[in-house]
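For reference, the structure is listed below as C-alpha cells.
Read-outs throughout are calculated quantities, based only on the coordinates presented, and are distinct from any laboratory measurement. The structure displayed is predicted, hence computed values, not measured ones. Please note: Cβ atoms are built from the backbone with ideal geometry, for glycine as well, and neighbour counts cover all protein chains shown.
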Amino acid sequence: MRNKAGWISEDGCYSTCDAGLIDIDGRTYVMSVITSMPWGDRSSEVTAVIAKALFDMRAALA
C-alpha cells in the first residue's frame, strides 16, 4: 500500500484526508477518504473506520 495523508485545521478550514493505492491479489485499488473533521485522534479513528469499510466492500463496489 502507498498512501498520502493530509489535514488542515486553520482559518475556519477543517479537513482530514487520506488517499492511497492498494495492491492485493493482483489488483490495484485507488481509495480516497475526505472528511470535514479537524485533525485529531477522533478524525484519525473515523478515517480508518471508513477506509476499512470501503476496503471490506471492495468486491461489491467493483
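Would you mind checking the tilt of helix 41-56 against the longest principal axis of the Cα atoms of the chain, expressed as 0 to 90 degrees and rounded to 10?
20
For region 29-38, just list the computed ³J(HN,Hα) in residue order, Karplus coefficients 6.51, -1.76 and 1.60, θ = phi - 60°, integers in Hz, with x standing in for Gly and Pro.
Using θ = phi - 60°, the values come out as 10, 10, 10, 9, 10, 10, 10, 9, 8, x Hz.
Taking the chain, which trypsin sites (Lys or Arg not before Pro) meet the DSSP loop condition and have no more than 14 other C-beta atoms within 10 Å?
Passing sites in the chain do not exist.
For the chain, modelled as a Gaussian network with Cα springs under 10 Å, which listed residue fluctuates most, Gly20, Gly40, Gly12?
Gly12
Per DSSP helix of 4 or more residues, -39500 (n - 2.57); summed, then divided by the residues of the chain. What does that give at 222 nm, rounded to the nearest 500?
-9500 deg cm²/dmol
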